């Protein structure tokens, strides 16, 4: 467990077991400062805040050169100068340079092309959330920590759109409707218990569905703890 930090609102010591180091890339100063405050209030360390893709790559490079690579980058998909895909391009480039770096991108809308590009080649530490999700503070902070620790965090709307493609029917054909539903919730980053609560079924029932999903997607026990992530990514890439 890491040591206590000070809550900026109360000044009281705050113990955070999963403290992570974060770089934020967002061209809106107001939103960038808001995200910084939100995360630091909960005991995490925002080690840099920048406003464009080039500055993001530079900031991470400098931190890496100092032996202080952050745990996760939180980046807007669209940033200056063209406000099209600078953020996600920088995120993809950072994943290429630093495979262990978690990347969570934020978008106003579901950008299927960008989501697919970010997920391609990534089996751990990746997330794509709509900006509206930031308003759900606990879920957002949990997503940042989960991605920093090598998990996934995909917005339900992103999952629904990606899994709805017609070219995925060959993969979907082997899964029952309930298994598809369970896998969709897994893609959002939910645990088995959270899936059970959402579907109003027992934990045991969810474990059985998850085992069947692993089997049908050809993921053996030797794939270890990453089977959940591999299952989701196998599904999305098909």
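The values are calculated or read from the model by the stated rules, or taken from the named source; none is laboratory data. Everything numeric here is computed off the predicted structure, so don't read it as measured data. All Cβ positions, even for glycine, are placed from backbone atoms using ideal geometry, and neighbour counts span all protein chains on display.
Failed condition for residue 190, given (1) at pLDDT below 90; (2) touching a strand residue (DSSP E or B) at 6+ places or on another chain (Cβ under 6 Å), with all others met?
Evaluating residue 190 over (1) at pLDDT below 90; (2) touching a strand residue (DSSP E or B) at 6+ places or on another chain (Cβ under 6 Å) leaves (2) as the failure.
Only one of (1) surrounded by fewer than 23 Cβ atoms within 10 Å (Cβ to Cβ); (2) farther than 25 Å from residue 161 by Cβ; (3) in contact with a helix residue (DSSP H, G or I) (Cβ under 9 Å, 6 or more places away or on another chain); (4) modelled with pLDDT of 90 or more is not met by residue 63, so which one is it?
Condition not satisfied by residue 63: (3).
List pairs: first in region 57-70 and touching a residue at least 12 places away in the same chain (Cβ under 8 Å), second surrounded by 15 or more Cβ atoms within 10 Å (Cβ to Cβ) and part of a helix (DSSP H, G or I), Cβ under 7 Å, 6+ apart or cross-chain?
If the second residue must be surrounded by 15 or more Cβ atoms within 10 Å (Cβ to Cβ) and part of a helix (DSSP H, G or I), the pairs left are 57/90; 57/94; 60/94; 69/63; 70/60; 70/63.
From the list 94, 129, 106, 118, pick out the single residue that is assigned to a helix (DSSP H, G or I) and modelled with pLDDT of 85 or more.
On the way: 129 fails: assigned to a helix (DSSP H, G or I); 106 fails: assigned to a helix (DSSP H, G or I); 118 fails: modelled with pLDDT of 85 or more.
The unique qualifying residue is 94.
Determine, yes or no, whether residue 93 is loosely packed, with under 15 Cβ neighbours inside 10 Å, farther than 13 Å from residue 128 by Cα and touching a helix residue (DSSP H, G or I) at 6+ places or on another chain (Cβ under 8 Å).
It is true that residue 93 is loosely packed, with under 15 Cβ neighbours inside 10 Å, farther than 13 Å from residue 128 by Cα and touching a helix residue (DSSP H, G or I) at 6+ places or on another chain (Cβ under 8 Å).
Against the condition within 14 Å of the chain's Cα centre (by Cα), under 30 Å from residue 216 (Cβ atoms), at pLDDT 90 or above and in a helix (DSSP H, G or I), how does residue 147 come out, does it pass? Full working, then the answer.
Working: within 14 Å of the chain's Cα centre (by Cα): yes; under 30 Å from residue 216 (Cβ atoms): yes; at pLDDT 90 or above: yes; in a helix (DSSP H, G or I): yes.
So residue 147 fits the description; yes.
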